[in-house]
Amino acid sequence: MVQIFLEFNQCSSVLICGSKGFLVTKPKFYLTTPIYYANSRPHVGSAYTTIVCDVIARYKRMCGYEVAYLTGTDEHGVNIERAAEKAGISPAELVERNQKIFVELWKLLGIQYTHFIRTTSPQHARAVQNLVRRTRRHSPDAIYKGKYEGRYCIYDNLYVSDTPEPADCPTCGRPAELVSEENYFFRLSAYQKPLLDLYAKNPQFVHPDFRFNEVKSFVESGLRDLSISRKSIKWGIPWPDDEEHVFYVWYDALTSYMSGMGFVDGEHDGPDFKKYWPADIHAMGKEIIRFHAVYWPAFLMAAGMPLPKQIVAHGWLLFEQEKMSKSKGNVAYPEPIVRVLGNDALRYYLLREVVFGQDGNFSRDALLTRYNADLANGLGNLASRVLTMIEKYCGGRIPSAGVRAESKYVFPVPANHARDAAFRAFENFNFSSAVQAIWELVAVADRYLVDTKPWALAENPAKLEILNTVLSDAAGALHFAAVLAHPVIPDATQKIWEQLGQSGKLGEVRIDVLQWGGLKPGTRIGKPEAVFPRVDKEETSERIVKMEDEIRNPGSAQPAATTPSAGTTTAGGAAAAAAPAPGAKISIEDFAKVEMRVGIVKSAEKIAGADKLLKVMVDIGDEVRQVLAGIAQYYVPEDLIGRKVVVVVNLAPRKMRGQESNGMIVAASVGPEGRPVLATFTEDVPAGAKLK
Ligand code: MSP
């Protein structure tokens, strides 16, 4: 059967050929993040825009759209020029180096962008110059030469005031610099009425509403013409036919939304541009909304180009009540969080904790609390309970539903309710509400298991049908939750999907037409494995902080890949002890860097004030080492004496609770709570024997 998707959400469609030669329409969707300044590495605050857009892109794909998602790097302007000068390299070298950091980070964060634009690329320069040429043809009065004198913030690339008197930047608070030169100006003042008409005709043009009101008031209060070229700067795109000038960085940067898709001049453009322009959503942080909702549509009107459909602004991520920003030094970096807790943990936290559109506070403590409460004890625990019971009581096959055990749980009612609420919330950018609706379903399924007690039903053969119904319903709820949560936590939900015995990519499942009953009875489930091992907050936080310090001051801490986790791989419960991204492979050389030996425990004792740590003296052949291991809750010290263990002996020493740990004892991490089980040998091996 071929599905015909009708045009909806004002989205234009493209015709494609269906598998049987029918013509079907598939709606298309074009979404952008701002292009990032390539003068410094992204922090959690700046990565927020890209993560949110990735959630939108994945969600739209799961609603059947063909999505183009553009991001990139903003590589011109005075702040790049100065950063390069400070680093003692050329601007070209600086942006080449920094742009790679973005590409690598987006890969680590699993960002599925489809287009990446660098403003130093020749195709972009040509597009910017052509946009001005086109503007001159289409609106001959829109650009003129004039004298500029005013205050300009080089950090935010913002005109702070159009008079020479000293002024501070409203965004960063730093003194703005005096600029006085001959520039090309854009006649923004002439676009006040056309902009107000645009806003009146498109009540959704800016989201959220309160930002739209700010934009309208700004335009209503009158617009000044805008300087769009610079003479004093060399690092930029030359002005067409007047090479003394380079483009003002914002005119240059905004054009990336078109050049990145193949815009040439509005007439000889590439296929992606023709297919996707105008953009459906330009998303960004609130401080740059004016550039997107005022200047950009005016530039496009003057050039006779179609306008983007919606401008969506989010709030700031604050750290200690101030905007997270590198220059203030109050930043948290995404890489350590992702390496220690996995990609989903950061995404979940940001989407759940921050009310989209408002400022939100970033706190490591809240991140870890949410991780344990919602991911490990919530969805992760539900998945492992349901799957383990299906394995144990139903021979590892999805059972069929029959008689209901409890009338107050009428599945699929709560599942459909979660789907509808999440769908509405995703459509309105209420990510936090979408996540809450999905987790309400997780909680209902949990309560259902507690109330119906499948483990007790399993003891009575007469209750087999009820048992099957309970586990079928619980698996159905898990299936629903995995599909709905996939845009937010793609890695864990894909794993749950596979553990439920489903094949293919979860991202290809349609969220908007999700129906109860998608799990076929009799399906063989996969191997149940914990998707979110519980972590010890204190230890995990320490590890994250240490890795962040290493990013701030390279060489100050031990390399991330060998950061010990309080003595055992499982002391914190996090199996991903500084591991590479899930699925990434390491070379044999990387493995060879880890020296492991057989050790024999000589003594073990508790450490005062630390309920999880044991101080273990272990003979590793040529010496007796002191190692701190996070196993005190599971092993009695005396029982360990004489036991053979595996010790990583070449870890840099680390202090915990005032005691030095000189190595790591290897253990498996078992169950959702990450219970450590020490690795050992059944055959006779001497202390000091190397593991290869
Ligand atoms: N280069 C310009 C954008 C040009 S678009 C044509 C720029 N770059 S940026 O690197 O400063 O910002 C990139 C994104 O990160 C923006 O959406 C910005 O709002 C966002 N954030 C930077 N710091 C932030 C927080 N502390 N919190 C949330 N988002 C913030 O602006």
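A few remarks follow.
- Phi angles across the range 164-176 convert, under the Karplus curve 6.51 cos²θ - 1.76 cosθ + 1.60 with θ = phi - 60°, into 3J(HN,Hα) values of x, 4, x, 8, 9, 5, x, 7, 9, x, 7, x, 7 Hz, Gly and Pro given as x.
- The range 369-382 - phi-based ³J(HN,Hα) in whole Hz, Karplus 6.51/-1.76/1.60, Gly and Pro as x: 5, 5, 4, 5, 6, 8, 8, 5, 7, x, 4, x, 5, 4
- Estimated dipole of the chain in Debye, rounded to 20 [Cβ of Lys and Arg +1, of Asp and Glu -1, Cα centre]: 1220
- Cα gyration tensor shape for the chain, rounded if a/c is under 1.5, else prolate or oblate: oblate
- The lysines within cross-link reach of Lys644, meaning a Cα-to-Cα straight distance under 18 Å and a gap of 8 or more places when in the same chain, are Lys602, Lys615, Lys690, Lys692.
- Along the range 91-98 the Karplus relation, 6.51 cos²θ - 1.76 cosθ + 1.60 evaluated at θ = phi - 60°, assigns HN-Hα couplings of x, 5, 5, 4, 6, 4, 5, 6 Hz to successive residues, with x for each Gly and Pro.
- Amide H within-cut-off set for Leu691, under 5 Å, with H built and near neighbours excluded: Met596, Arg597, Val598
- Among 472-479, 58-65, 156-163, the order from most to least packed when residues are scored by Cβ within 10 Å on average: 472-479, 58-65, 156-163
- The alpha-carbon of Lys463 sits under 22 angstrom from the alpha-carbons of these lysines, leaving out residues fewer than 8 places away in its chain: Lys392, Lys408, Lys453, Lys520.
- Distance from the range 586-637 to the range 246-267 (C-alpha centre basis), Å: 58
- Relative to the longest principal axis of the Cα atoms of the chain, helix 78-87 runs at roughly 50 degrees.
- Relative to the longest principal axis of the Cα atoms of the chain, the long axis of helix 192-201 lies at roughly 50 degrees.
- Whichever aspartates and glutamates have a C-alpha closer than 15 Å to that of Lys107, once near sequence neighbours (fewer than 8 apart) are set aside: Asp54, Glu335, Asp344, Asp491
- Relative frequency of Cα-Cα separations exceeding 28 Å in the range 282-429, percent: 46
- Order by protection proxy (mean Cβ within 10 Å, highest first), peptides 435-445, 139-149: 435-445, 139-149
- For Arg174, distant residues with modelled amide H under 5 Å away: Cys169
- Span from the the range 282-360 Cα centroid across to the the range 90-137 one, whole angstrom: 18
- Net charge in the neighbourhood of Ile511 (other residues with Cβ under 14 Å of its Cβ; Lys, Arg +1, Asp, Glu -1) is +3.
Readers should treat all values here as calculations from the given coordinates under stated rules, not as data from a laboratory. Quick caveat, the model's predicted, so the values are computed rather than measured. Methodologically, a virtual Cβ is constructed for each residue, glycine included, from the backbone with ideal geometry; neighbour enumeration extends over all protein chains shown.
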